[in-house]
Structures are given as structure tokens and as C-alpha cells.
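Worksheet: one structure, shown below.
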Amino acid sequence: MQDRSINEDMHSYPLIDFRNINVTRNGIKILDSVYLQVGVGENIAIIGPNGSGKSSLIKTITREYRPLANSPGLVYRIMGKEMWDLFDLQNLLGIVSGDLQQEYYRDICGYDAVLSGFFSSIGVYRNHHVTSEMKCIVETVMDFLEISHLRYKTISHMSTGEARRVLIGRALVHDPVALILDEPANSLDLYGLHKFRELMRRIARAGKSIILVTHNLQDIIPEIERVILFRDGRIFMDGSKEEILTSSNLSVLFGLPVEVQSADGYYRAWC
């Protein structure tokens, strides 16, 4: 488990503090002069078309991608620290993505999938030392997410929504400061989307920061109050949900006429 004294000291710093972040891959700039600060406990949504750089930003947060070191005024900090052991960072930031779910489409039961979060592995192996405390935490997390009935069901036999909730459980076993969700509602049917929304609201109310990456306004729960529009590797707009999620802003972002409607804290858009 994480060192709580360290976490309490870190809470005096922003969760994310990025200034003049530039990232290139294969000689192509994929993030261009990104300035982003996210506070601990803040819930945000990052919205943009496919190829806009949203996932590249997430990979820069998780240190899979690194910014150019010679950028003037570069700041690249998570919780006030520039240097991180990747295992410690994975414990701090719970991550759920479509790529991760693809890796889990095999005969791993729900319980072992959640438990594997302690080892940052795909499944649990003989050399993993599983403690009674870990088992207790897995039971608590599965109860909290209402997925205890999936403990013996293999992910390959779960619905997309069930598998997604199990992987969220995997991300939560370390009690992370933030939960990063990269296109988490892709391929969910209406029931799965409803359950996903309920789950995200429960997690937000428990005090976790949520960083949601999506191109679908329906994924945004009422507890997310800040929205960042991303385009061409840059932050296009950043502000309150009410200010940013307008027909005119999204029409410019996606390059076609978009109509936006809101009701009860939820938004939807159509062309």
C-alpha cells in the first residue's frame, strides 16, 4: 500500500503541473506547447476528435512518453515531483484504457484481474506474494464497485461493461489519488453506459480525481466541472463545463455543425 505520510505531504502540490510540454514521435510533434495544471480532487474531461493528441497527453502523464528536455520553461511534475519510479507512479494514478482491456481478454477471472493491480501484471502468478491485506482490499473494492458476482467469471466471458468495471477495480486497489480513464465507455450499450456513469459518480463522491478522456459528451458525469478541448496536439479551450460545452465551440473543434443539449448535469451532442 502507499505511504500515507508521503501522500499527505504531496497534497500541497497540484496533481499535474505541465508547462511548455512538447513531445515528438518519429520526428512528428504530437504535443505542442501544452500547459496543464490539475488540482488534487479536481475532476476534468479532455475532449477532442480522433488523432487530436488526447491519448498522447495521457501517455505523457504516465511517463510512457517524455517531453523534449530543451523546451524553454519546461515543467514536468506530478504531485510536485519531476522524477518518478514508474511502479510508484502507477500506484498513484489508476489507469483504465481500451488497450489494457484488450490485454485482459483471456481466461483470467474477475478476482485475479482486480488482485493483479497490486503487481501491475496481467493476472496473478506463483511468484507473486499475495497478503491477507491485499485479499481484504480486493474484497472491499469489488463490493464498492458491485462486481463481487464476477469474481469467478473469466474476462473473456464478460460483457464489455463488466470487464471495464473489473479493470476499474484493478486500478483502485492501491487507493490512487486519481483515476485516468481513456475512452472508457467505448463499445458500451445503453445499460453499460448507465452503469458506467453510476460507477464514476460513486468514485468521484469518494474523493478521487477523475481525468476522463473522451470524444463523447455522454460520458461526462455531473461531478466533472472542468472541460479541456484538445486539437492538433494543443489545448484549444479550457474552462468550466457550462462555458466550454457549447454548440459553437464544439463545431469549431470537430470542424462540422454540432448541436449541444444539456439536462440534469449531462450533455449530448449531434450533427
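Side notes on the structure shown:
- Between residue 193 and residue 223, the distance separating the two model label sites (each 7 Å from Cα on the Cα→Cβ line) works out to 2.0 nm.
- Relative packing of 192-199, 169-176, which averages over residues the other C-beta atoms within 10 Å, highest first: 169-176, 192-199
- Within region 12-38: backbone nitrogen closer than 18 Å to the residue 88 label point (7 Å, Cα to C-beta): 12-17
- Cα shape, region 131-180, gyration tensor, a/c 1.5 rule: oblate
- Helix-only mean residue ellipticity at 222 nm for the chain, each DSSP H run of n ≥ 4 adding -39500 (n - 2.57), per residue, nearest 500: -9000 deg cm²/dmol
- Electrostatic dipole magnitude of region 26-66 [Cβ: Lys, Arg +1; Asp, Glu -1; Cα centre; debye, to 20]: 160
- Each DSSP beta bridge with both residues in the chain is either parallel or antiparallel, and the antiparallel ones are about 55%.
- Prolate/oblate/rounded label for the chain (Cα gyration tensor, a/c 1.5): oblate
- With both labels modelled 7 Å from their Cα along Cα-to-Cβ, the residue 260 to residue 13 distance reads 3.3 nm.
- Charges were assigned to the Cβ only: +1 to each Lys and Arg, -1 to each Asp and Glu. The resulting dipole of the chain about its Cα centre is roughly 400 debye.
- Extents of region 145-269, taken as max minus min of Cα coordinates on every principal axis and listed largest first, are 48, 31, 28 Å.
- Cα gyration tensor shape of region 147-208, rounded if a/c is under 1.5, else prolate or oblate by comparing a/b with b/c: oblate
- Shown in residue order for region 259-265 are the 3J(HN,Hα) couplings computed by the Karplus curve 6.51 cos²θ - 1.76 cosθ + 1.60 at θ = phi - 60°: 10, 10, 9, 10, 7, 6, x Hz (x for Gly and Pro).
- Inter-centroid distance (Cα atoms) of region 15-48 relative to region 203-245, Å: 13
- Given their separation in residues at 0.36 nm each and the Cα-Cα distance between them, residue 202 and residue 20 gain 62.1 nm when the chain is fully extended.
- Comparing 206, 121, 97 along the charge dipole axis of region 60-206, the residue lying farthest to the positive side is 206, per the Cβ-charge model.
- Gained length - residue 127 relative to residue 35, 0.36 nm times residue gap less alpha-carbon distance: 28.9 nm
- In whole angstrom, region 30-83 maps to an equivalent ellipsoid with semi-axes of 18, 16, 10, each derived as √(5λ) from the alpha carbon gyration tensor and ordered largest first.
- When the alpha-carbon atoms of region 28-167 are used, the pair Rg, Dmax equals 17.6, 52 angstrom.
Each reported figure results from applying straightforward, stated rules to the coordinates on display, with no laboratory input. Just so it is clear, the structure is predicted and the values come from calculations on it, not from any experiment. Glycine gets a Cβ as well: all are built from the backbone with ideal geometry, and neighbour counts include every protein chain shown.
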